[in-house]
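As structure tokens, the structure follows; a few thoughts come after it.
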Amino acid sequence: SQFRFAHEAFEELLQKEGYTFADFIEREPFLFVIVHAECDYVASLKVGDKIDVNAWISKIGNTSFEFSYHFFRNMELVGKAKTNHVTLDRVGRKKMEIPDKINVLLNKYADFSIEY
């Protein structure tokens, strides 16, 4: 599923920056919760197809951010996805501002010019 490809791309980006997904689940005082997700299927996929994923940050707010993804098979666009994440305080489960170190990371991958 394209949502699985999106999640794997999100985890790979975190690993590239020196974090594991477990770091965010177990160690940080905040959580990222997906509050909305959508996919557009442009072409059908078959089991075993090799998929390349382009992922970028398409929006950044005070407490939330949006990842966008394009999925390619042999350089052909086969799908698109978006996931909207809200930052929550781990203990109180209330919205909180995106921590500075995460904001820096998000801005590193931000591109507001690419169409979804």
Mean projection of the alpha-carbon convex hull of the stretch 1-112 over all orientations, in nm²?
7.3
Across the chain, how many lysine pairs, 8 or more apart or on two chains, come within less than 25 Å at their alpha-carbon atoms?
22
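For Cα pairs less than 8 Å apart in space and 6+ apart in sequence, what is the mean separation divided by the residue count of the stretch 1-103, i.e. the relative contact order in percent? Walk me through the intermediate numbers first.
Details: 168 pairs, mean separation 29.8, N = 103.
Result for the stretch 1-103 is 29 percent.
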Near K80, within a Cβ-to-Cβ distance under 14 Å, what is the net charge of the other residues, with Lys and Arg +1 and Asp and Glu -1?
-4
How charged is the neighbourhood of A22? Take every other residue with its Cβ under 11 Å from the Cβ of A22, and add Lys/Arg as +1 and Asp/Glu as -1.
-3
Given +1 on the Cβ of Lys and Arg, -1 on the Cβ of Asp and Glu, and no further charges, what dipole in debye does the chain carry about its Cα centre, rounded to the nearest 20?
200
Suppose only helical runs count, i.e. DSSP H with n ≥ 4. What mean residue ellipticity at 222 nm does that imply for the chain under -39500 (n - 2.57) per run, divided by all residues and rounded to the nearest 500 deg cm²/dmol?
-6500 deg cm²/dmol
Once Lys and Arg are counted +1 and Asp and Glu -1 for all other residues with Cβ under 15 Å from that of W56, the total becomes -1
Quick one: accessible area per residue over the chain, 1.4 Å probe, rounded to a whole number of Å²?
61
Rounded to whole angstrom, the alpha-carbon centroid of the stretch 1-16 lies from that of the stretch 52-116 at a distance of 11
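The values are calculated or read from the model by the stated rules, or taken from the named source; none is laboratory data. Predicted model only: the values in this text are computed from it and were never measured. When we count neighbours, we look across all protein chains shown, and the Cβ atoms used for this are built from the backbone with ideal geometry, even at glycine. Note: areas computed on protein heavy atoms with side chains; ligands, DNA, RNA excluded. Shrake-Rupley method; radii C 1.70, N 1.55, O 1.52, S 1.80 Å.
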